[in-house]
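Scroll down for the structure; my scribbles are underneath it.
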Amino acid sequence: MRSERRLIFCLIALSTLPLVMFGCKSGEVSYSSGNMKHTSSVKEAGVPEDLKTLIYPGATTSGVQTAQEEGKDSADYSKYMQLVSTDSVEKVAQWYEQTLKNEGWNIEKNEQMSKTISLEGRMKESEISVTMVDDSGSTNIIVSKSASSGAIPDEESIENYKPNKEVTPTD
């Protein structure tokens with residue numbers, strides 16, 4: 001469920017990236033919100049160092065988004081990268097599976113659908129997801145990497161939430 005939400009957010013965020021970047025001459029936009037620094041970039045130079053090894057050979061970087069917690073020694077972050085390759089979705093998937101294993105990721109999911117292949121893995125507190133979609137002669141690639149040091153409530157605690165004081169409804 002959490003990985004589905006992350007993928008949906010990623011798809012929405014990256015699909016709006018060209019609109020955000022349209023008026024920006026530098027190709028990069030940053031802002032702070034909720035104690036997180038958010039950065040969006042359409043340039044390959046905006047790719048974080050830890051994602052550079054995950055750029056598929058010969059692929060074109062079409063968008064990058066990061067969110068990193070500010071002001072703490074926390075490891076909370078979310079990073080998304082969108083790429084396009086002329087190689088087949090199967091060839092791209094084989095490369096990512098081998099590359100992730102070589103970097104020490106434990107591949108927990110390898111799901112193949114009609115035109116989509118999705119890989120998901122874990123390493124310590126980090127999660128990674130790579131989704132590859134066959135788009136009639138090209139392969140769209142979305143790499144999502146995130147980590148959270150805690151404070152993410154599980155669904156059961158949200159469903160059983162009880163406020164610490166009673167609030168009277170108003171009209």
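Data table
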read-out	value
Qualifying residue in the range 66-80 (condition: touching a Gly at 6+ places or on another chain (Cβ under 7 Å) and not aromatic (F, W, Y))	no
Tally, over the range 84-117, of residues that are without any contact (Cβ under 8 Å) to a residue 24 or more places away in the chain, in contact with a helix residue (DSSP H, G or I) (Cβ under 8 Å, 6 or more places away or on another chain) and small (G, A, S)	0
Residue within the range 119-126 that is at pLDDT 65 or above, hydrophobic (A, V, I, L, M, F, W, C) and within 19 Å of P57 (Cα to Cα) present	yes
Candidates A45, A93 - the one that is within 28 Å of G137 (Cβ to Cβ) and either at pLDDT 95 or above or surrounded by 13 or more Cβ atoms within 10 Å (Cβ to Cβ) (or both)	A93
Meets criteria (under 13 Å from the mean Cα position of the chain (by Cα), at pLDDT 60 or above and surrounded by 15 or more Cβ atoms within 10 Å (Cβ to Cβ)) for Y77	yes
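The values are calculated or read from the model by the stated rules, or taken from the named source; none is laboratory data. Quick caveat, the model's predicted, so the values are computed rather than measured. Because the Cβ atoms are built from the backbone with ideal geometry, glycine has one as well, and the counts that use them run over all protein chains shown.
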